[in-house]
Each structure stands twice: as C-alpha cells, then as structure tokens.
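Reading through the structure tokens given below for one structure.
The values are calculated or read from the model by the stated rules, or taken from the named source; none is laboratory data. Because the structure is predicted, anything quoted here is derived from the model rather than measured. Using ideal geometry, Cβ is built from the backbone for each residue, glycine included, and neighbour counts are taken over all protein chains shown.
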2 protein chains.
Amino acid sequence: MPIRLKDIAQELGVSTVTVSKVLRGNPDIGVKTRARVLERLNALNYRPNMAARGLATGKTFTVGLIVPDLLQPFFAHFAKELGGVLRQHDRALLLASSEEDPKIEAQEILALIQRGVDVLVLASCRDELLPVPELSALPVPLVLFDRRFKRMKANFVGSDDVGAGELATRHLIELNRKRIAHIGGLQTSPARDRTAGYLRALERTGRKIDERYLVLRKRLEERGDDIGFSCMQGLLALRRPPDAVFCYNDMTAIGAIQATLQAGLKIPREMAIIGCGNFRYADYLQVPLSSIDQDTAELGRAAARLTLSIADSPQARVQSIVLKPRLVIRQSSAPPSLKISR
Amino acid sequence: MPIRLKDIAQELGVSTVTVSKVLRGNPDIGVKTRARVLERLNALNYRPNMAARGLATGKTFTVGLIVPDLLQPFFAHFAKELGGVLRQHDRALLLASSEEDPKIEAQEILALIQRGVDVLVLASCRDELLPVPELSALPVPLVLFDRRFKRMKANFVGSDDVGAGELATRHLIELNRKRIAHIGGLQTSPARDRTAGYLRALERTGRKIDERYLVLRKRLEERGDDIGFSCMQGLLALRRPPDAVFCYNDMTAIGAIQATLQAGLKIPREMAIIGCGNFRYADYLQVPLSSIDQDTAELGRAAARLTLSIADSPQARVQSIVLKPRLVIRQSSAPPSLKISR
DNA sequence: GTGAAAGCGCTAACAG
DNA sequence: CTGTTAGCGCTTTCAC
C-alpha cells in the first residue's frame, strides 16, 4: 500500500488538511510546520493518489489525444512532442486512435470524457463538410489539430495548408513546368486546403486550370502509396501527361514516383514530383523527395502550450495557431542547375 | 454536469446501490427492477465516473505504456495495436516516452504508478547489464516488451532476436558471401541478442570470426542512420572490406547503404546489406532493403492479451511470449538469380 | 432482492 | 496559522 496523506499527518501530529496545504504550496501554513511536513513528504517520497484528487477537484491532470493513425509519422511525432511538454508539467497523456473511422472516434471521445480528461486534443477523421453537432457541445475543452471544420469555432493548431499547396505548386511553376498536376484528397481540411493552394498558385500566375490534371481521391490519408501509384498511372495515360505533380502527402508522392519510374520516365527531368509532410525518410527514398515541411515538432509543442493554458482556464478565448510551411527541395524536383547533396 | 448514479436512483425511487449493482451485472437484483434501471441507464447514456470507481475499487481500467521513442515506427506500431485491443476491452492507454533516457523513464514509471495504472507495459532504455532493483519491486504488474533483462524474472513479449540475427546472417552466408560484417548495438537485449545470433550463425557454419568485421556502437537505437553511415565507412576503409553486412536495424542499414553507394560500390553485387525490423518504407528506399520482420502488429496484440489477463488476475504466473522472426528479401541482398519485384 | 452505512484519499469552505 | 466538517461518485459489507 502506498503511503497516504493521513499517515503523514498522524506521524507528525497535524491534520491532513495541513499536509494537503503544504503539498500544494498553500501559503496558509507556518514556516516551521511547513518545513517539518515537507521533510517527511520527501523522506517518504509521497505521491498523491490522483484518483482521489481527481474526485475531489474535478480535475485529473490528464489530457486526451485522439489521432487517426499512429502509424503516420506525422501523428506519432505530434504525439511525442505533445506528451513531452505535458510530462514536464506533470500531465499525463491518454492516447487513442480512431483508425480513420468516425464511429471509433465518437466512441473514443466518450471514453476519454468519461475518464475526465481536462482537455481533449483531436485530429478528427470526420468529413470536413459534414455537420459536427457532437463536437461543438462537448463537456470538455477541445483542441483540434491538423484537421479543422469550416463552420466550427474551436481551438485549432495546424499548418497553413493553403499556403503549403501554393508553395509546392509555385515551386513547380518556377521550374518552368507547363502541365502541373495534383493528386489530392477529398474529406479532410488539409486535403481540401492543399488543393485550394494548388489552384490558387495556378490562378495567380495566370495559368488556366486543366481538370484532367486534378485527381482527387478519398482515403488518401491511409493508403497514399497505392492510391498515388494508380492515380499517377492514370495521369501518365493521358494524351499529354503532366510534367510535374504536387501530391497531397509524402506517401502519395512515393506511389507516384513508383508509377513514374515504372513507366520509364526520368525524375525530375521528365517528371518533377513534390509531396507534403517532409517525413523522416524523404532523403533516403529511391528518388529523394521534395516536400513541404510543417514543423511537426513545433506543432506538437504549440498544441501542448495551448492545452496547458486551457487546462488552467477552460473558458479562455478560442485560439487558432497556424504555422507557416517551408519548402524543402530534393532530387525529385531539383532544378537542372542545382546539385542536391544527400 | 454529467449524470450520476444517484440521479438515476432518485428518479426511479431505488437506492444507488441497486443501480450500481445493475450496472455491473450483479445477479442480486430482480428482473423487473433490473429492466427498469437498465432502460433508464441506456436512455440517459449513463457513464460511470472512472475516478470515483477507481477510488472505490483501487482499479483504474487503465494501462500505462512507456516507449523509448515514438518516432521509431516499431514503437508507434506496437502502441497502436496495443491500444486498439485495449479499447475493445474498455481500457484506456496512458502513453509516455522515455526519450531513451533512464532518468525520464524512472520519472514516467513513478508518474504512471501514481495514476494507478493496472498494468505497466515497458520497453526499458536501461542498460541490459545493469542491475534493475527498481524494476523488480514495482507495486504494479509489469510487462516488459522488446527489451528484457537477463537477471530479471518478468512478463515479457518480444522477438527471438538471437534467431533474427542468425536468420539474417545465414541468409548472407547462403548468398556465398565470404566476409560478413555486423554493425550492432551494445546496451539493449535486442542489440546483444542479434549480435549473438550473428556470431552463432558464423560459428555453426564453421566460419571463424573476424573482429574487424564486428562493429558495436552505443545509441544505435536513436541515431541509426548517422552511426550506420560512419560505421560502414570504417568497414569500407579496411584493407579487405566486407562483402556483406547485417545491420542492427533498418535505420542503421539505411546509413550503411548511403555510405556504400557513396563509395561507389554496387548493392547487392559488391555489398549485400540486410537490416532488421522490416519497417514500412523498406520497399521504397534507394535500394529496397532486405530485413527481418518481427510481426510488430502481433507483438502488440500479444502484449495486449497478456496485459488484460494480468489486469484480471495480477498474481498470475510470469509469462514470456517470444515470436519467431521472418526473413524478407529485397534488392539489397538479392541473389543474382532472383528478380525482385518492387 | 434491496438498501443503509461506511469509506476509498483527497480538497474546499469555513471556523477558530 | 491550523483544524473541523463535509463531500467528490462510486463500491462494499452487511442488515433487513
């Protein structure tokens, strides 16, 4: 049995309240008593029972995180950074995965609420365009990340995905590519925004949009490589195939690269390819992959800071933190002049 | 305010005890009462307050998981599978990362104990050879995974790493390689075991061991690519460089591949390389990487089953679950005859 | 079959 | 400054 407040109080001949106050740094207590208690507390390496504290205070010092899929390096990285900061503030992280299934997501939300998390951090797998009544009336403060909802006013931490799409596409334009395609997603806000950025870049540089070069698919988040592969095959089968492609994410780009090479084309000379996410292995791929970096680590830390501030004052004003993306050029879209070192 | 047992009891004019018993399926209660209560419970979508239940029962229906680094796909995958099974059994997963730092690990262990997890699942970053008094006397059931301790009798779930090393090395032997090197780790049991497997394969096939081909380094778990790169450079600088290398893990192998290609050698013709872990991107690397598959998903599920059984009967007999590894041949160690399709 | 009483370990509010 | 009282929501024990 672990040691309890009461035990220490008895030993020292004071009340449990006194010990409790010392424990929490309440200034009520006199210097001498405080010293005595503190000494005992440390000597015995006392740890408060969080369940009891939670029951008494209504707070659990726990944060819930729901990601669509921990296998995606982005979510793993985010979780790692979030957890790291929370640890330093003595908060625990309850992790759940929705497997990109809205049903499971709903179930996990309930489970985490039931456990009384102080804040819920969520990258929802619900369709961006569907109504979200459940999410808007949660009995716990919510922080959305990566994926947001148009009609919903909520705390958010994520990337400027329109900017990311525009950045990637402009880069391809600057390479002097004439037929720039896009393989994109349909259901999440990052997917839609990156596509919007693609379109915007084309429009702003006075290009007309050719719909044959715009390939949108569902479930690109989960099976990017397969889908990227087949979409690219489709593009290559066009009478005038594109000479550059901006892919929704890095896995999609990997699939596109495979299809391109298999068709016997040279990358980047005949086909420039860029992904998004800048995942850890981009340097080591068959063709090192250009990508858009989202600074996932900072995203996680920013979410942690927001989460902590909300945990302390749950009725704070709704905040939106949006990080600027950054272009990382590698072999897959290297300009002819540029020598890329691995 | 969420709804409480007491609310339902009052509404129905029964005692909280009755409701509580119905909730937990206690057979005490009569059919009619039970039906009435059940109906109300569902209608209101009642969820017990876990903090209160935890305080009353001493159980939290929560499992703690500590991994060295969530960025390593192995640990992310394991966490995903473990969490998935636990979810189906209404257990929550408290996730912590030790960042490969024994100090942080100790801190996290304390934090999770304090939160009253029912079982602690741990891939420890402590040196396999150091004594582990803290771990042996935990006030909570422990399941080690991936990394074990020689002198410690504890529940364990992991791979047969000696077998993995032997499998990889035998494969290189069967390729008819004459100078087979190994880049391995020093501190964890998988590292030592894989090295042991390498040595065993050489011995069993009557080869003598050349220590110049055995390169062991610390911290290979965290910075495999860098360290693999420099170790390989060292091997290539030998008067008679190896013609094959078994690398501790896939990241290390990636580094070794880079160094090999940079030196102008052909893979696999002049240098066969094999890693371990069979991570998700092995197919897409510059040279598709042969590897040893550990069936991480099954590892996670097995750990979940063990964890659940321990949660139900904490004093059960100590168990060790060891999965057989599987060889996956790709381009980096393809026999001349074999055509490997991507 | 059902419920009253007691308590899990802690904290909030107030009285001294 | 310190301690008493009451209670967080649930379960357990044991009468009825």
Practice problem: For the range A:36-53, state whether one or more residues are at pLDDT 90 or above, touching a Ser or Thr at 6+ places or on another chain (Cβ under 8 Å) and more than 12 Å from DNA strand C (Cβ to nearest atom). | Solution: no
Quiz item: If a residue has to be within 8 Å of chain B (Cβ to nearest Cβ) and touching a helix residue (DSSP H, G or I) at 6+ places or on another chain (Cβ under 7 Å) to count, how many in the range A:66-79 make the cut?
Solution: 5
Exercise. Using the structure shown, decide if B:Arg40 is among the basic types (Lys, Arg), in contact (Cβ under 8 Å) with a residue 24 or more places away in the chain, more than 12 Å from DNA strand D (Cβ to nearest atom) and more than 10 Å from every other protein chain (Cβ to nearest Cβ).
Key: yes
Self-check item: Counted residues, the range B:136-156 - those being outside any loop (DSSP other than H, G, I, E, B) and either in contact with a Ser or Thr (Cβ under 8 Å, 6 or more places away or on another chain) or of a type in the set (Lys, Arg) (or both)
Solution: 4
Quiz item: From B:Ala43, B:Ala52, B:Ala76, which residue is closer than 21 Å to B:Ile113 by Cβ and of a type outside the set (Asp, Glu)?
Solution: B:Ala52
Practice problem: Can you work out which of the residues in the range B:1-25 that are loosely packed, with under 13 Cβ neighbours inside 10 Å and closer than 23 Å to A:Arg115 by Cα is nearest to DNA strand C (Cβ to nearest atom)? | Solution: B:Lys6
Quiz item: Which condition number does A:Tyr248 fail, the rest of (1) at pLDDT below 95; (2) within 22 Å of A:Gly163 (Cα to Cα) being met?
Solution: (1)
Practice problem: Could you list, in sequence order, all residues of the range B:80-104 that are part of a helix (DSSP H, G or I) and either among the charged types (D, E, K, R) or out of contact with any helix residue (DSSP H, G or I) (no Cβ under 7 Å at 6 or more places or on another chain) (or both)? | Solution: B:Lys80, B:Glu81, B:Gly83, B:Gly84, B:Arg87, B:Gln88, B:Pro102, B:Lys103, B:Ile104
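To keep it simple, each residue is scored yes or no on (1) of a type outside the set (Lys, Arg); (2) touching a Phe, Trp or Tyr at 6+ places or on another chain (Cβ under 8 Å); (3) over 17 Å from A:Phe75 (Cβ atoms).
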position: A:Ala256; (1), (2), (3): yes, yes, yes
position: A:Leu265; (1), (2), (3): yes, no, yes
position: A:Tyr281; (1), (2), (3): yes, yes, no
position: A:Ser290; (1), (2), (3): yes, no, yes
position: A:Asp293; (1), (2), (3): yes, no, no
position: A:Arg301; (1), (2), (3): no, no, no
position: A:Thr307; (1), (2), (3): yes, no, no
position: A:Ser313; (1), (2), (3): yes, no, yes
position: A:Ser333; (1), (2), (3): yes, no, yes
Self-check item: Hits in the range A:47-65 (condition: crowded, with 22+ Cβ neighbours inside 10 Å and more than 9 Å from chain B (Cβ to nearest Cβ))
Solution: A:Val63
Quiz prompt | Filter result for the condition that a residue is without any contact (Cβ under 8 Å) to a residue 60 or more places away in the chain, closer than 30 Å to B:Val143 by Cα, exposed (fewer than 14 other Cβ atoms within 10 Å of the Cβ) and under 23 Å from the mean Cα position of the chain (by Cα), over B:Gln107, B:Gln88 | solution = B:Gln88
Exercise. May I ask you to list the residues in the range B:7-66 that are closer than 27 Å to B:Ser309 by Cβ, among the polar types (S, T, N, Q) and not in a helix (DSSP H, G or I)?
Key: B:Asn26, B:Asn49, B:Thr60, B:Thr62
